[in-house]
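The values are calculated or read from the model by the stated rules, or taken from the named source; none is laboratory data. Everything numeric here is computed off the predicted structure, so don't read it as measured data. With ideal geometry, Cβ positions are generated from the backbone for all residues, glycine too; neighbour counts draw on all protein chains shown.
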Amino acid sequence: MEVAATGGHSFMLIGPSVKDMMALARRFKTIYEGDYQIVEDATNSKLYVNGSIPLLIAMMWPCQCGNFTHPKKMCKCTPVQIQHHLGSIPSTILDRTDIHIEVPFLNKEYAAKRIGEPSEDISKRVVIARGKILEWRKKLVPAITGDPDMDKEAGELLKLAILELGISPKAYDKMMRVAMTIAAMDDKGVIEAHHISEAISYRSLDRNLWG
Ligand SMILES: [Zn+2]
């Protein structure tokens, strides 16, 4: 969420609990000061319009049995049902979201104690990192022409990711934008391999690791 707030990246929440996803989407408001829109039903593409496009938060509803991606409970759906479930996400939403966030199932104790860093602290970091992002955006032009500022190791990892994971040009573009945000947050002048791998980890629906 910090990466999304810093770079202004639209994201999709994926998890077994609608309540937890909603809670996370609302918490986002405290660290992101800007216009954003929550699409509660990812299968409803009608919610998608607007002249001035706000940052979009989409949520993928749980599967039929409700346990898909649940850390402790077994999903009882058939592979066909799961494929259908994943296929129900409109491509317009996939194309518009830069980051896919898997939301863990939070137990009541965790939620009550509100373990984790206070939103205010994250918010302060986000403001500082956004200044660095502006510097990075100036470097976007060379990145588009095929000469991104990245070290050799990052370039090799990227080539491997494209070959092995079959990342589409659209997904590549989103991944690079996210990698730039992460590098800027890390206060680095170039994109390093771990920035690329973190950005790849945020594209779980492209990576098709679910089937
Ligand atoms: Zn299921």
Scanning region 179-211 for residues that are in contact with a strand residue (DSSP E or B) (Cβ under 6 Å, 6 or more places away or on another chain) and under 21 Å from L134 (Cβ atoms) gives A179, A183, V190, I191
Apart from one, (1) under 22 Å from the mean Cα position of the chain (by Cα); (2) more than 20 Å from M22 (Cβ to Cβ); (3) modelled with pLDDT of 75 or more all hold for T78; the odd one out is (1)
If we ask which residues in region 113-166 are modelled with pLDDT of 75 or more, farther than 14 Å from V3 by Cα and surrounded by 14 or more Cβ atoms within 10 Å (Cβ to Cβ), their number turns out to be 10
